[in-house]
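The values are calculated or read from the model by the stated rules, or taken from the named source; none is laboratory data. Everything numeric in this text was worked out from a predicted model, so none of it was measured. FYI the Cβ positions are ideal-geometry reconstructions off the backbone, even for glycines, and counts take in every protein chain you see.
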């Protein structure tokens, strides 16, 4: 309860607070009114549906159709949405820097302007004529619509945003699919047989004709994302006469992605400028890609086989046993923690995330085919076993020694299948360090 002697001060505080907020609101309104008054066009960018750029005799026309922007002149193709949006935002927010009144159009380069921007919206339109740069290149002379009696200056950034060449306005998309919705990916490089990969389930892919070949689904989808995010770096020719000049007749590679019924097919040619010559089939322009697509595709194909030592799901693991023979540690899942028991009956808890990191690093280990080597020792030097809630073994790994190149020789068993091979020593040791961390009690109450 507030003492009576403080009530007058409280009332004064509330009055001052009200005055402050009132003045702030009024100032904000005034500043907003001034900003609106300085705008050259009073238009919302979402309402603009036509845009024209004129540079002397050159004219570029764009039109909005079904919420997409298209170039309609001098050629017909999809426009770069981000670029057009930036131009529309500039038109809707652009303010005049200075109001010069009347003047000689020729003096300001407005009699034969280097750039005229026109736009249309339902029931209204606008026109901006841009002339020479002001002294010191601090702005550009301009006038609005046909009002040559009221010359003004605009910010140089506004002029740069609007003065876009045709190449900037063209859509840079190479593949127009959604990676998660892709159903198949076909790749043909040179004279080699085509590789057809088909999605069998979310994250799972099959190699048609080689169904027993284990495919790394994550790498297929990584390649799909890589291709989908690639963009046109440069437009070379809209009507190429000799495709062999670019290594496109015959193409060095053909990539086809199917999302719905209509496939997206791309021809890849010679390497150039950090990318490749490419052409969208059947009759797209010849372009240069912003990435070396062919090199990435070839690299992915060599790593498609799933050689991971363990491909299971971490959520299924409820018990883990690891360590050298006779000195093993045990971890049992307990809600958000793992109860750890050591070879000398030590007991403590570890946060679930720590063991999940160790399992994630285990999943990252890839098995190389075994080289001819001496007979492995009878007893493993180190082991790991993953079990489910019923105590059934999901996976087992045994370290059997070293290969000729210091690789780690291991035997892995999943279900009834047993395999042997080599692991990179650095990756294996990094995973073992993660398991060793689990055997160290965490500081604080978590380890109790």
Legend entry - Only listed residue being surrounded by 15 or more Cβ atoms within 10 Å (Cβ to Cβ), over 19 Å from residue 40 (Cβ atoms) and touching a strand residue (DSSP E or B) at 6+ places or on another chain (Cβ under 9 Å), chosen from 92, 79: 79
Inset, instruction - From 270, 239, grab the single residue that is surrounded by fewer than 18 Cβ atoms within 10 Å (Cβ to Cβ), modelled with pLDDT of 95 or more and under 30 Å from residue 166 (Cα atoms). - result: 270
Legend entry - Search result, residues across the range 178-187 that are surrounded by fewer than 20 Cβ atoms within 10 Å (Cβ to Cβ) and touching a strand residue (DSSP E or B) at 6+ places or on another chain (Cβ under 8 Å): 183, 184, 186
Inset, instruction - Could you tell me whether any residue of the range 150-160 is crowded, with 17+ Cβ neighbours inside 10 Å and touching a helix residue (DSSP H, G or I) at 6+ places or on another chain (Cβ under 8 Å)? - result: yes
Inset, instruction - Quick one: which strands (runs of 3 or more DSSP E) lie wholly within the range 120-229 and hold at least 2 residues that are free of Cβ contacts under 8 Å to residues at least 12 places away in the same chain? - result: 195-201
